[in-house]
Amino acid sequence: DSGVTQTPKHLITATGQRVTLRCSPRSGDLSVYWYQQSLDQGLQFLIQYYNGEERAKGNILERFSAQQFPDLHSELNLSSLELGDSALYFCASSKRDKSYNSPLHFGNGTRLTVT
Amino acid sequence: ELKVEQNPLFLSMQEGKNYTIYCNYSTTSDRLYWYRQDPGKSLESLFVLLSNGAVKQEGRLMASLDTKARLSTLHITAAVHDLSATYFCAVEPMDSNYQLIWGAGTKLIIKP
């Protein structure tokens, strides 16, 4: 158990809808990272937050947004969903704003299916 | 463009055999990470390699890093079925904007 908690485990929704994915980092970790993993795209970095502030952005679509709250949990909001958004979404956490010699700790992911 | 290339991307092998997965990267880095992922599951950290010549071993897996060649290897000795998984390498560039650059993963199937 990595200590990173993601909810829900599964989501099935229709195109055009909006969903929110939630992540609680490991105790003591200040950074939260969001990744998307689909069969044809591999593991894609979306966005990182450190202690409540956006730290880095990757290949995140404008339809997607995220935030990190004062209690350090994070939410990833996906809107106007398309079939191609179906994927496994992972949250990872770390203590600092960079890996700095320690690995990221991944949650179990949320599997999103858009129908 | 920063790239991390793994090969092979798919490997099917028999139990008891040895094999090596390669991870080449295009940027200057002395930090490289190996992760394991079982199908539909989370990613689990295997090794953290922090300097040129670093070698780490855990059971039948051994990872090494050659920063001059920009190459890391993950060697599997006397493979067993339980090692079947997808293995990812990730590189932390020296001039990183905080982000790891990930390889595409190597799907390893070990047949009994």
Looking at segment A:77-93, can you tell me whether even one residue there is in a strand (DSSP E or B), open to solvent by 20 Å² or more (accessible area, probe 1.4 Å), in contact (Cβ under 8 Å) with a residue 40 or more places away in the chain and touching a Ser or Thr at 6+ places or on another chain (Cβ under 6 Å)? no
Step by step: first the residues of segment B:40-54, then only those that are open to solvent by 60 Å² or more (accessible area, probe 1.4 Å) and in contact (Cβ under 8 Å) with a residue 12 or more places away in the chain, then the one that is farthest from the other protein chains (Cβ to nearest Cβ). Which residue is that? B:52
Return the residue satisfying two criteria in turn: it lies in segment B:1-20 and is away from chain A (no Cβ under 13 Å) and in contact with a Phe, Trp or Tyr (Cβ under 6 Å, 6 or more places away or on another chain), and of such residues it is most open to solvent (accessible area, probe 1.4 Å). B:7
Qualifying position, being free of Cβ contacts under 8 Å to residues at least 40 places away in the same chain, of a type in the set (A, V, I, L, M) and either open to solvent by 70 Å² or more (accessible area, probe 1.4 Å) or part of a strand (DSSP E or B) (or both), among A:12, A:47, A:60: A:47
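The values are calculated or read from the model by the stated rules, or taken from the named source; none is laboratory data. Everything numeric in this text was worked out from a predicted model, so none of it was measured. Every residue, glycine among them, receives a Cβ derived from its backbone with ideal geometry; neighbour counts consider all protein chains shown. The protein model used for the area step is the full one, side chains on, heavy atoms only, and it has no ligands, DNA or RNA in it. Shrake-Rupley method; radii C 1.70, N 1.55, O 1.52, S 1.80 Å.
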